[in-house]
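First the structure, in the form of structure tokens, and then the observations on it.
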Amino acid sequence: MTTPSEDDLVTGDFVRSYVITGGRRLPSATDLSLHTLVTLAPDRELPRRASPEVRAIWDICGGGYLSMAEVAAHLGLPTAVARLLLTDLAEQGHLLRRAAPPPAQAVDRGTLEEVLHGLQTLFG
Amino acid sequence: MDSRRFSADRPAATYLPAGVRRAVKIVVVGHFGVGKTTFIGSLSEIEPLRTEEKMTVASAPVDDLSGAGAKETTTVALDFGRITLSEELVLYLFGTPGQQRFVQLWEDMTVGALGALLLVDPARLESTFPVIDLVESFGLDYAVAVNSFDPSVRFEESEIREALDLLPDTPVVHCDARDVASSAEALKELVRHLLTRKG
Ligand SMILES: Nc1nc2c(ncn2[C@@H]2O[C@H](COP(=O)(O)OP(=O)(O)OP(=O)(O)O)[C@@H](O)[C@H]2O)c(=O)[nH]1
Ligand SMILES: [Mg+2]
């Protein structure tokens with residue numbers, strides 16, 4: 001087994017091979033989880049020197065809400081890379097996200113009942 | 001950068017209905033080839049999607065002391081699908097191989113998950129042991145879906161319970177991952193279990 005710090009290091013190097021991170025701490029899944037819903041904020045202009053990845057994110061996020069994992073998959077990017085780029089865009093005010101999903105322990109009964117009810121409605 | 005990565009050979013994005021405000025997720029796990037991708041594909045409303053994740057793994061077997069510290073990166077697929085459950089709630093299903101060496105990806109995948117559906121092939125129970133260890137180490141509540149590849153092999157639920165050392169209230173259901181109704185039933189059983197866990 002590798003220790004978490006070594007994992008961080010190698011994941012970091014890998015992400016840096018895609019994008020300039022400026023040596024910042026990389027966002028983790030608790031900052032932006034795979035199922036967080038994102039979309040482009042209204043009336044935003046693409047930053048002038050946007051990378052091809054950011055341009056692609058801009059295009060795909062302009063059409064409505066998708067999960068961050070869908071954005072990554074449609075762009076052919078590993079989720080760690082998509083997470084970093086999306087976090088940047090959110091910090092710059094370009095991206096909206098639906099409230100982060102609650103941790104599992106905090107999911108209320110009502111939500112689970114909605115899930116069950118939804119599955120029964122769809123699949124019988 | 002390689003612009004071919006952005007070429008249009010992928011299915012176009014299908015956006016969520018504008019009213020959808022909340023997303024939840026369930027993870028679908030199990031050993032190699034047990035039917036995770038098939039299961040997700042059966043239930044997903046969108047063409048199932050996949051990302052290729054770079055993982056750092058020990059390049060030598062863990063028990064080989066001489067190889068301690070040696071590492072390499074490997075690629076592992078993360079599969080997922082989507083089910084819009086109501087005008088404002090969407091469920092994502094994420095699946096990835098259950099191997100200790102992919103623990104980084106598991107961490108990402110399980111953050112905020114409601115629970116896990118553990119697919120099991122009764123003919124290969126021992127392959128499930130490491131997966132169950134992972135599920136439990138991440139503190140996920142789970143149900144077991146027995147994906148029987150050979151219909152002539154009738155599994156004894158009690159044998160599976162004993163072999164996997166399941167808690168008495170852990171659901172064990174039969175499931176054919178290729179069949180929509182059967183897959184949906186397994187997922188519902190998991191959610192019912194999560195509800196009883198809430199008390
Ligand atoms: N008979 C039978 N075959 C199945 C069932 N589920 C999946 N299969 C077949 O088993 C093979 C493997 O299924 P996958 O869905 O790719 O399994 P997986 O768990 O995603 O595999 P990896 O991602 O490689 O770990 C495919 O050829 C499926 O068609 C099932 O319930 N019954
Ligand atoms: Mg698969």
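Using a 1.4 angstrom probe and counting only protein chains, how large is the accessible area of B:ASP169 in Å², to 10?
Only protein atoms counted, so the area is about 80 Å².
For region B:19-197, what is the charge dipole size about the Cα centre, in debye to the nearest 20, if Lys and Arg each add +1 at the Cβ and Asp and Glu each add -1 at the Cβ? Display every interim value, and only then the final one.
Details: 16 positive and 28 negative charges, 111 e Å.
The dipole magnitude comes to about 540 debye.
Do any GluC sites (Glu not before Pro) in region B:124-199 lie in a loop, going by DSSP, with at most 16 other beta-carbon atoms within 10 Å of their beta carbon, and if so which? Mind dumping the intermediate values first?
Numbers: sites: B:GLU126, B:GLU136, B:GLU156, B:GLU157, B:GLU159, B:GLU162, B:GLU185, B:GLU189; in loops: B:GLU156.
Passing sites in region B:124-199 are B:GLU156.
Just the accessible area for A:ASP108, please: 1.4 Å probe, Å², rounded to the nearest 10?
Approximately 80 Å² for this residue.
Assuming a ≥ b ≥ c are the square roots of the Cα gyration tensor eigenvalues, decide whether region B:113-161 counts as rounded (a/c under 1.5), prolate (otherwise, with a/b larger than b/c) or oblate.
Judged from the Cα gyration tensor, region B:113-161 comes out prolate (a/c at least 1.5, a/b above b/c).
When you look at the Cβ of every residue in B:72-80, what mean number of other chain Cβ atoms sits within 10 Å?
Mean shielding count: 2.
With point charges of +1 on the Cβ of Lys and Arg and -1 on the Cβ of Asp and Glu, referenced to the Cα centre of region A:11-123, which listed residue (A:HIS117, A:ALA50, A:GLY64) lies farthest in the positive direction of the dipole?
Result: A:ALA50.
Charges on Cβ only, +1 for Lys and Arg, -1 for Asp and Glu, centred on the Cα centroid of chain B; of B:GLY98, B:ALA123, B:PHE39, which one is farthest towards the dipole's positive end?
B:PHE39
Going by average Cβ density within 10 Å per residue, which order do the peptides B:20-30, B:86-96 take, highest to lowest?
B:20-30, B:86-96
What residues qualify as long-range amide H neighbours of B:VAL28, i.e. H under 5 Å apart, gap of 5 or more or another chain, H built at 1.01 Å from N?
Long-range HN contacts for B:VAL28: B:PHE94, B:GLY95, B:THR96, B:LEU117.
Treat every Asp and Glu Cβ in region A:45-124 as -1 and every Lys and Arg Cβ as +1, leave all other atoms uncharged, and give the resulting dipole magnitude about the Cα centre to the nearest 20 debye.
So the magnitude is around 200 debye.
Where in chain B are the DSSP H helices whose C-alpha atoms run 15 Å or more along the long axis and whose mean Kyte hydropathy is at least -1.0?
Those that clear 15 Å and a mean of -1.0 are B:180-198.
Inside 10 Å of the C-beta atoms of B:24-30, what's the mean count of C-beta atoms belonging to other chains?
3
Sort chain B into rounded, prolate or oblate with this rule: let a ≥ b ≥ c be the square roots of the eigenvalues of the Cα gyration tensor; rounded if a/c is under 1.5, and if a/c is not under 1.5, prolate when a/b is larger than b/c, oblate otherwise. List each step's numbers first, then the result.
Numbers: a/c = 1.63, a/b = 1.03, b/c = 1.58.
It comes out oblate by the Cα gyration axes.
When you look at the Cβ of every residue in B:180-191, what mean number of other chain Cβ atoms sits within 10 Å?
3
The values are calculated or read from the model by the stated rules, or taken from the named source; none is laboratory data. Remember, it's a predicted structure, so these values are computed and weren't measured experimentally. In this analysis, Cβ positions are derived from the backbone assuming ideal geometry, glycine residues included, and neighbour counts consider all displayed protein chains. The protein model used for the area step is the full one, side chains on, heavy atoms only, and it has no ligands, DNA or RNA in it. Shrake-Rupley method; radii C 1.70, N 1.55, O 1.52, S 1.80 Å.
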